[in-house]
Amino acid sequence: MRISVIIAALNEAPRIGATVASVQRADPTAEIIVVDGGSDDGTPDTARIAGARVVQAPRGRGAQLAAGAQAASGDVLVFLHADTQLPAGAARALRQALHDPNVIGGNFRVIFDGRTSFAAWLTRFYAWFRSKGLYYGDSVMFLRRSAYYALGGFLPIALMEDYDLSRRMERRGGTVCIMEPPGGRSEERRGGEE
């Protein structure tokens, strides 16, 4: 079961190398595609040097993720944020979850890094949110390639493209939340960033 990891990026040069390296550690055989939306800080070159294939797409996460999925060749599509580290053991856990033919995809448990009360609150809130069947791209969404296309993939919408796809996944059924290892974010962000 070949995994393609798709990372939408825009001006992520300081982070993209570490993100790509985390994927390589988690699964040395993974196809890594960074979809750049017009960065002017050297993100594409940094991603290539780190070992990723770079695809250019119009700016906007929905359009970028759709372009990455189109370029991918794997049986499983993993959508990773540029500021998120894929933990060791993630590929093994993902393959184990997808061993069940009724599972179409899902996400990973989120732990927000940092020793602040805000990071701890975000981690608890996200666990509660996921318990209601709700999740976003922050949680490293994944699904079988066939299910991605059967569901219509990412729509080129300006906001909430990940939530839109997760709702379609949940309506279809057969999703899981991988608890261990968690798909932790590299940092907490506040305000209108990202």
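The values are calculated or read from the model by the stated rules, or taken from the named source; none is laboratory data. Please read all numbers here as calculations on a predicted model, not as lab measurements. Every residue, glycine among them, receives a Cβ derived from its backbone with ideal geometry; neighbour counts consider all protein chains shown. Heads up: the accessible areas ignore ligands, DNA and RNA and are worked out on the full protein's heavy atoms, side chains in. Shrake-Rupley method; radii C 1.70, N 1.55, O 1.52, S 1.80 Å.
Work out how much length residue 134 to residue 172 would gain on full extension: take 0.36 nm times their residue separation and subtract the Cα-Cα distance, in nm to one decimal.
Working: separation 38, 0.36 × 38 = 13.68 nm, distance 1.38 nm.
Going from the current span to full extension adds 12.3 nm.
Contact order normalised by length for the stretch 1-112, with contacts defined as Cα pairs under 8 Å and 6 or more residues apart; what percent is it? Walk me through the numbers before you get to the answer.
Numbers: 207 pairs, mean separation 39.5, N = 112.
Value for the stretch 1-112: 35 percent.
With N set to the residue count of the chain, report its C-alpha Rg divided by 2.2 N^0.38 Å to two decimal places. Walk me through the numbers before you get to the answer.
On the way: Rg = 15.2 Å, N = 194, 2.2 N^0.38 = 16.3 Å.
With N residues counted in the chain, Rg over 2.2 N^0.38 Å equals 0.94.
Let me know the charge dipole size of the chain about its Cα centre in debye, to the nearest 20, where only the beta-carbon of Lys, Arg (+1) and Asp, Glu (-1) is charged.
On the way: 23 positive and 21 negative charges, 129 e Å.
The dipole magnitude comes to about 620 debye.
Bins of 5 Å, beginning at zero and ending with the bin holding the largest distance: percent of Cα pairs per bin for the stretch 128-171, please.
It works out to 5, 21, 34, 26, 11, 3, in whole percents.
If each Cα of the stretch 84-140 is one equal point scatterer, what is log10 of I(q)/I(0) from the Debye formula at q = 0.20, 0.29 Å⁻¹?
Log10 of I(q)/I(0), two decimals: -0.84, -1.21.
Add -39500 (n - 2.57) for each DSSP H run of 4 or more in the chain, then divide by its residues: what number comes out at 222 nm, to the nearest 500 deg cm²/dmol? Could you put the intermediate results ahead of the total?
Details: 7 runs with 75 residues, N = 194.
Counting only the DSSP helices, I get -11500 deg cm²/dmol.
Hey, quick one: spin label on residue 88, modelled 7 Å out along Cα-Cβ, who in the stretch 2-31 has an amide N within reach, i.e. under 15 Å?
21-28
Using a probe radius of 1.4 Å on heavy atoms only, what accessible surface per residue do you get for the chain? Whole Å² is fine. The partial results should precede the final answer.
Numbers: 8800 Å² over 194 residues.
Value returned for the chain: 45 Å² of accessible area per residue.
Calculate what fraction, in whole %, of the accessible area of the stretch 45-194 sits on carbon and sulfur atoms when a 1.4 Å probe is rolled over the protein chains.
Details: 4070 of 7300 Å².
Carbon and sulfur atoms account for 56 percent of the accessible area of the stretch 45-194.
Net charge near residue 2: determine it from the other residues with C-beta under 13 Å of the C-beta of residue 2, scoring Lys and Arg +1 and Asp and Glu -1. Mind dumping the intermediate values first?
Working: positive: 95, 144, 145; negative: 27, 31, 75.
Here the charged neighbours net out to 0.
Just to be sure I understand the model, the point goes 7 Å from the Cα along the line to the Cβ. What's the resulting residue 70 to residue 146 distance in nm?
Those two pseudo-labels are separated by 2.4 nm.
Got a sec? Which residues in the stretch 44-60 would a label at residue 158 touch, if it sits 7 Å along Cα→Cβ and we count backbone N under 20 Å?
Under cut-off, by backbone N: 57-60.
Treat each spin label as a single point 7 Å out from the Cα along the C-beta direction, and report the residue 180 to residue 24 distance in nm.
2.9
Place a point 7 Å from the Cα of residue 127 along the Cα-to-Cβ direction; which residues of the stretch 74-108 have their backbone N under 18 Å from it?
Once the point is set 7 Å along Cα→Cβ of residue 127, 107-108 turn out to lie under 18 Å by backbone N, inside the stretch 74-108.
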